[in-house]
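Worksheet: one structure, shown below.
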Amino acid sequence: MTGATALPYRSNVGAALFSRAGKILVARRADLGPDAAYQWQLPQGGIDGDEDPAAAVLRELDEEIGTTAVELLGEIPEWLSYDFPPDVVAKFGARHRGQRQRWFALRFLGTDDMIRLDAHAHPEFDEWRWTELSSIPALAVPFKRPIYERLVRDFARFAKTDGA
């Protein structure tokens, strides 16, 4: 192996957070600017050391959207991975070739005012909204799109109202 393919994947978790009405939360990255393409994504973040992925997804939700008022609905049991394009590898100092992720479906149990993008010192997102699960692949940066397509297939059963 040479170049980026010799680099390891960064272990990561992702959160598909569903409202009681069956919509999914997407958030706009604060570091890209309002005119950038593919600004919207699902919350995700790195796993610390030997941290359990289920614990990591709760920590990431707290750090990124300021809430842990959730219940676990399900997960994709295997690791999903994607490679960064060469310009992204270069931007991050060539430490990782991409990310390997464990994805979790969660139901938000709170009210919208409990989602606080400014809950921590360095917000990753500057705006959020509820949207249809089927719309997320079109929002995703192209190198993440296959994973978002998988989320649509595997988590469709959670995109239904819980009657609340």
- Item | Pairs where the first residue, in region 8-19, is within 9 Å of Gly45 (Cα to Cα) and the second is among the basic types (Lys, Arg), C-beta under 9 Å, 6+ apart | Ser11/Arg100; Ser11/Arg102; Asn12/Arg100; Asn12/Arg102; Val13/Arg59; Val13/Arg102; Gly14/Arg102
- From the option list Asp35, Asp31, Asp48, single residue qualifying as surrounded by fewer than 17 Cβ atoms within 10 Å (Cβ to Cβ) and in contact (Cβ under 8 Å) with a residue 40 or more places away in the chain is Asp31
- Pairing a residue in region 137-159 that is more than 27 Å from Val89 (Cα to Cα) and charged (D, E, K, R) with any residue that is modelled with pLDDT of 95 or more and not in a helix (DSSP H, G or I), where Cβ atoms lie under 7 Å and the two sit 6 or more apart in sequence or on different chains, gives Asp154/Ile76
- Query: What number of residues within region 95-124 are modelled with pLDDT under 95 and assigned to a strand (DSSP E or B)?
  - Reply: 2
- Note on the structure: Of the candidates Ile115, Ile136, Ile65, the one satisfying the condition of being touching a Pro at 6+ places or on another chain (Cβ under 7 Å), β-branched (Val, Ile, Thr) and buried (at least 19 other Cβ atoms within 10 Å of the Cβ) is Ile65
- Query: Is it fair to say Arg129 is more than 15 Å from the chain's Cα centre (by Cα), surrounded by fewer than 16 Cβ atoms within 10 Å (Cβ to Cβ) and either hydrophobic (A, V, I, L, M, F, W, C) or not in a loop (DSSP other than H, G, I, E, B) (or both)?
  - Reply: no
- Query: Filtering region 68-91 down to residues that are charged (D, E, K, R) and modelled with pLDDT under 95, which residue is surrounded by the fewest Cβ atoms within 10 Å (Cβ to Cβ)?
  - Reply: Asp87
- Task: For region 25-40, enumerate the residues that are out of contact with any Leu (no Cβ under 8 Å at 6 or more places or on another chain), under 14 Å from Ala140 (Cα atoms) and in a loop (DSSP other than H, G, I, E, B).
- Result: Leu32, Ala36, Ala37
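The values are calculated or read from the model by the stated rules, or taken from the named source; none is laboratory data. As the structure is a prediction and not an experimental result, all values here were calculated from the model. Note: ideal-geometry Cβ built from the backbone for every residue, glycine included; neighbour counts use all protein chains shown.
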